[in-house]
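Heads up: the structure comes next, in structure tokens.
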């Protein structure tokens, strides 16, 4: 008799069902696969989930205790980042951790540039002024020409590179800082490679694309924000914990920034009393930079394919910890 394999989606509210996953897992692994949906945070997994071969997660963390309690062999993140998943613990247990790379590069880049342009062109100010009965081009003045504006990229991975391409096409002067990418590689993409301090000093728009790691947590703190120009725009489509939100709020209230476009926050969804919400100089979107109808489908289909390949022991693109295959 064939042993039943069990897959558990940890945060099924993202898409409302697991029908796509159920059909795809059964097509790829056989009809004996059971796909369940259990909405619970990491700390409840040991009691709520039970045994599982594969855990699927959009943003729910998975700790070592949860790995041990479920006995899983694969943890599949339906996203590009794996923060919240204890990858070291997984590797030491021979558990494969996967993600879905590159599926939303174009959407994130478009979203980042859109948030930047909203402030570069004064759209929030104009919108509020017109709603108040004013019709004055000067309400958002002075507005610098895009060709005179420096678009700074914090990190030059897939999404940073895609954002740089769009910003360059629009006429921005684009520079980037990424200690993990050779300057020559950045320059070969038509982007100026700069140091961190130069990035902060020159960027009229600072667009964040770095993953969340111990080194990048709170990287954009009060000291970093103080180095930005008083008319600079901060855009974050990466991870909320890269930015010190208290320091950002202090800078906005002191008129030391033109504005901030935030697709991610430190707490998601935010508390209603989060002081960054409802401000004229802040545009907040609900961690939606990744989304289009194309990417929603691609995320589910490709995420499942990668999870199945990892379950079968393949060194698939999207496998975060290949060392786990050797355990």
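The values are calculated or read from the model by the stated rules, or taken from the named source; none is laboratory data. Nothing here was measured: the structure is a model prediction, and the numbers come from that model. Cβ coordinates were reconstructed from backbone atoms using ideal geometry, including for glycine residues, and neighbour counts include every protein chain displayed.
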### Message
Considering only region 17-24, I want to know if a residue exists there that is at pLDDT 90 or above, part of a loop (DSSP other than H, G, I, E, B), surrounded by 13 or more Cβ atoms within 10 Å (Cβ to Cβ) and in contact with a helix residue (DSSP H, G or I) (Cβ under 6 Å, 6 or more places away or on another chain).
### Response
yes
### Message
Please count how many residues of region 279-295 are on the phi > 0 side of the Ramachandran plot and exposed (fewer than 14 other Cβ atoms within 10 Å of the Cβ).
### Response
0
### Message
For the structure I just gave you, tell me whether residue 247 is surrounded by fewer than 20 Cβ atoms within 10 Å (Cβ to Cβ), more than 19 Å from residue 83 (Cβ to Cβ), without any contact (Cβ under 8 Å) to a residue 40 or more places away in the chain and assigned by TED's automatic domain parsing to the domain that holds residue 115.
### Response
yes
### Query
Does residue 139 satisfy the condition of being assigned to a helix (DSSP H, G or I), modelled with pLDDT of 95 or more, touching a helix residue (DSSP H, G or I) at 6+ places or on another chain (Cβ under 9 Å) and more than 26 Å from residue 213 (Cα to Cα)?
yes
### Message
I'd like to verify a number: residues in region 201-218 that are without any contact (Cβ under 8 Å) to a residue 40 or more places away in the chain and either within 21 Å of residue 109 (Cβ to Cβ) or touching a helix residue (DSSP H, G or I) at 6+ places or on another chain (Cβ under 9 Å) (or both), how many?
### Response
4
### Message
Being at pLDDT 95 or above, surrounded by fewer than 19 Cβ atoms within 10 Å (Cβ to Cβ) and part of a helix (DSSP H, G or I): is that true of residue 110 here?
### Response
yes
### Residue check for residue 323: touching a residue at least 40 places away in the same chain (Cβ under 8 Å), within 30 Å of residue 94 (Cβ to Cβ), in contact with a helix residue (DSSP H, G or I) (Cβ under 8 Å, 6 or more places away or on another chain) and surrounded by fewer than 16 Cβ atoms within 10 Å (Cβ to Cβ)
yes
### Test: residue in region 80-95 that is at pLDDT 95 or above and in a strand (DSSP E or B)
yes
### Enumeration of residues in region 279-307 that are at pLDDT 95 or above and part of a loop (DSSP other than H, G, I, E, B)
279, 281, 285, 286, 287, 288, 289, 290, 291, 292
## Note on the structure
Among 276, 212, 257, 265, the single one that is part of a loop (DSSP other than H, G, I, E, B) and at pLDDT below 95 is 212
### Query
So is residue 219 in the same structural domain as residue 263 (by TED's automatic domain parsing) and crowded, with 22+ Cβ neighbours inside 10 Å or not?
no
### Task
All but one of (1) surrounded by fewer than 14 Cβ atoms within 10 Å (Cβ to Cβ); (2) not assigned by TED's automatic domain parsing to the domain that holds residue 199 hold for residue 268, so report the exception by its number.
(2)
